[in-house]
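Q: Input: one structure, supplied below.
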Amino acid sequence: MKVIFLDVDGVLNSAQYRKQIYPNRQELSYIERNVDKQCLLNLKKILKETGAKIVVSSTWRKDKDYNKFKEYLAKEGIGILDETPDLGESGKNRGEEIRKWLTNYKEQVEKFIIIDDDIFHDFYELTTYQIKPNMFENRGIEEQHVQEAIERLGRIKQELERD
């Protein structure tokens, strides 16, 4: 199984999107205000091309509106396989949380990437698996990240052709 450890802020949203929706923000739900449709389309492209599954590593997994977020993604055709365990300290142990999840599912994970705009103090070797949108430009997942993710995880079609 291929896995994408997914952050939300800085990955599925962008400053550009927030500026664009600002005049109508009151008409939008919390999720709609914080999830950029273009970033979501880019994520869907990665999932479609690679067959990867999502494991949410974002602190959003602890948010009171997390179930609404999962429902929103489901309506968009994106399922969530799992969440990383909560080891406390409000996401400061993100690397350790990812390692713990990988340890629990090591027999099932063939390849993985981490899409996160931040590097945590405990990432160490995990940075080699990271695809990092630029947190200072705050534009979320862009086409270059899509291509890098597909290249790292491999396309479904390529794997079928090898069999």
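Q: Pairwise over distinct Cα atoms, reciprocal of the mean inverse distance: report the Kirkwood radius of the stretch 2-162 in Å, one decimal place.
A: With all distinct Cα pairs of the stretch 2-162 included, I get 16.1 Å.
Q: Beyond 25 Å between alpha-carbons counts as too far, so tell me which of LYS19/LYS44; LYS2/LYS64; LYS62/LYS132; LYS106/LYS132; LYS19/LYS68 fall in that bin.
A: Going by Cα-Cα distance, LYS2/LYS64 fall outside the 25 Å limit.
Q: Quote to one decimal, in nm, the extra length available between ARG25 and GLU107 on full extension: 0.36 nm per residue of separation minus the C-alpha distance between them.
A: 25.1 nm
Q: Which order do LYS100, LYS62 fall in if you start with the one that has the fewest other Cβ atoms within 10 Å?
A: Arranged by neighbour count, lowest to highest, LYS100, LYS62 become LYS62, LYS100.
Q: Taking amide H positions as placed 1.01 Å from N in the peptide plane, with prolines and chain starts having none, which residues 5 or more places from VAL56, or on another chain, fall under 5 Å of its amide H?
A: It is LEU6, ASP82, GLU83, THR84, by chain and number.
Q: What order do you get for VAL55, VAL146 when you list them from fewest to most C-beta neighbours inside 10 Å?
A: With the fewest neighbours first, VAL55, VAL146 line up as VAL146, VAL55.
Q: Follow-up. Sequence neighbours fewer than 8 away in the same chain don't count; with that in mind, list the aspartates and glutamates whose C-alpha is under 15 Å from LYS75.
A: The reachable aspartates and glutamates, counting only those whose Cα sits under 15 Å from LYS75, are GLU32, ASP36.
Q: Test of understanding: ordering ASP118, ASP36 by Cβ neighbours within 10 Å, fewest first, what list do you get?
A: Lowest to highest Cβ neighbour count: ASP118, ASP36.
Q: A further question on this structure: Under unit Cβ charges (Lys, Arg +1; Asp, Glu -1), what dipole magnitude, rounded to 20 debye, does the chain have relative to its Cα centre?
A: 380
Only the coordinates and a few stated rules stand behind these numbers; no lab work does. This structure is a prediction, so every number in the text was calculated from the model and none was measured. Every residue, glycine as well, gets a Cβ built from its backbone with ideal geometry; the counts of neighbours run over all protein chains shown.
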